[in-house]
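All of the numbers you see were taken from the coordinates with simple rules; none came from a lab. As the structure is a prediction and not an experimental result, all values here were calculated from the model. Because the Cβ atoms are built from the backbone with ideal geometry, glycine has one as well, and the counts that use them run over all protein chains shown.
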Amino acid sequence: MLRIAIQTKGRLNEQSIALLREIGIDVDGAKRKFLSKATNFPIEVLYLRDDDIPQVVANGTATLGIVGMNEVAERGCDVDVVAKLGFGGCRISLAVPKSVEYESVDYFNGKRIATSYPNILGRFLDECGVKAQLEVISGSVEIAPAAGIADAIFDIVSSGGTLVSNGLKEVERVFESEAVLIANPNISAEDKELLEELMFRIESERDSRDKKYLLMNIPTAALDEAVKILPAMRSPTVMPLAAEGWCSLHSVVDAADLWDKVRQLKAIGAEGILVLTLDKIIA
């Protein structure tokens, strides 16, 4: 049986539970539980602090983990990054008081920087040839300058609202992060088969996120041009209609290209265009 470690609470917990349910795995998301078993897949969920997950996967207590790439990079544990999951996006940035006239990373020479990510920050400063004093604190990093603990901070930024409310401004984006699926590098053959099934489901769900399904009626005379517009997954589906000279055309398109495709299709006579959200794509 697989054991997957996920965050005990917070947004990443909710998104991890949602992903498992999207791929047909029923798990109990109750925050009071430390360990819960899925009812329809050989997997159990271990709820932990996010900064403990890389170590727990590395030592084999859990086979898999869902955690931010920032925690993987900071802890430096021996784990395999199996997949990026497309949620939990954030960045870790250097920020200074708004009053500072910031010009370059050289500003941080000799400065005190408060952070919960000393390893990521240390590597960045070394690459830049900057020597600073790191003040390692585990929470409320953003208050450090106002409290006189540090001259600057290095912390997670999502929207930037927390920085603004604490009189800070972001000056260097250092590390881009998102949720990743990690695995113990010494996974057993049995667990590897289960992981492959899990990845098949995850990829099917992930591939559907940025796609839309288009259905439309189009004049038969414009069919060849319409097929050139629509890439589909292999080739668009074409079905004749009862009305002479018309056919129905179905295709999958990238969501980012949707409105451009619709405009082109309408220009060649497409009517009754339906846009549907895809649940899964099984390649």
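Observations, loosely collected:
- Judged by the mean number of other Cβ atoms found within 10 Å, the most tightly packed of the peptides 267-275, 104-112 leads the ranking 104-112, 267-275.
- For the stretch 221-242 versus the stretch 72-102, the gap between their alpha-carbon centres in whole angstrom: 44
- Taking every C-alpha pair closer than 8 Å and separated by at least 6 residues, the mean separation divided by the residue count of the stretch 151-283 gives a relative contact order of 29 percent.
- Charge tally around residue 110: other residues with Cβ under 14 Å, Lys/Arg +1 each, Asp/Glu -1 each, net 0.
- The candidate values were [x] 19.6; [y] 21.4; [z] 22.3; the one computed from these coordinates for Kirkwood radius over Cα pairs in Å carries the label [z].
- Each principal axis of the stretch 68-206 carries a Cα extent, and these read 56, 27, 25 Å when sorted largest first.
- You can think of it this way: the chain between residue 18 and residue 39 has 6.0 nm of extra reach, that is 0.36 nm per residue less the Cα-Cα gap.
- Ranking of 239, 1, 199, 216 by count of other Cβ atoms within 10 Å, fewest first: 239, 1, 199, 216
- For the stretch 83-93, backbone phi angles converted through the Karplus equation (6.51, -1.76, 1.60; θ = phi - 60°) give residue-by-residue couplings of 7, 7, 9, x, 9, x, x, 6, 9, 10, 10 Hz, Gly and Pro being listed as x.
- Exposure proxy ranking, count of Cβ atoms within 10 Å, fewest first, for 56, 79: 56, 79
- DSSP bridge pairs, the chain: antiparallel proportion in percent, nearest 5: 75
- Added length on full extension, which subtracts the Cα-Cα distance from 0.36 nm per residue, residue 101 to residue 186: 25.6 nm
- For 202, 218, 149, order by how many other beta-carbon atoms lie within 10 Å, fewest first: 149, 202, 218
- Only helices enter this figure: runs of n ≥ 4 DSSP H residues, each worth -39500 (n - 2.57), summed and divided by the residues of the chain, yield -8500 deg cm²/dmol at 222 nm to the nearest 500.
- Relative contact order of the chain: 19 percent, from C-alpha pairs under 8 Å at least 6 residues apart in sequence.
- Exceeding the 28 Å Cα-Cα cut-off - candidates 84/212; 33/280; 169/212; 37/192; 211/266; 37/211: 33/280; 169/212; 37/211
- Residue 266-residue 200 FRET efficiency (beta carbon distance; Förster radius 30 Å; 0.05 resolution): 0.20
- Modelled spin-label separation between residue 159 and residue 207, with each label point placed 7 Å from Cα along the Cα-to-Cβ direction: 3.5 nm.
- Counted charge near residue 51, where neighbours are those whose Cβ lies closer than 10 Å (Asp, Glu -1; Lys, Arg +1): -2
- Extension gain, residue 223 to residue 61: 0.36 nm times the residue separation minus the Cα-Cα distance gives 52.6 nm.
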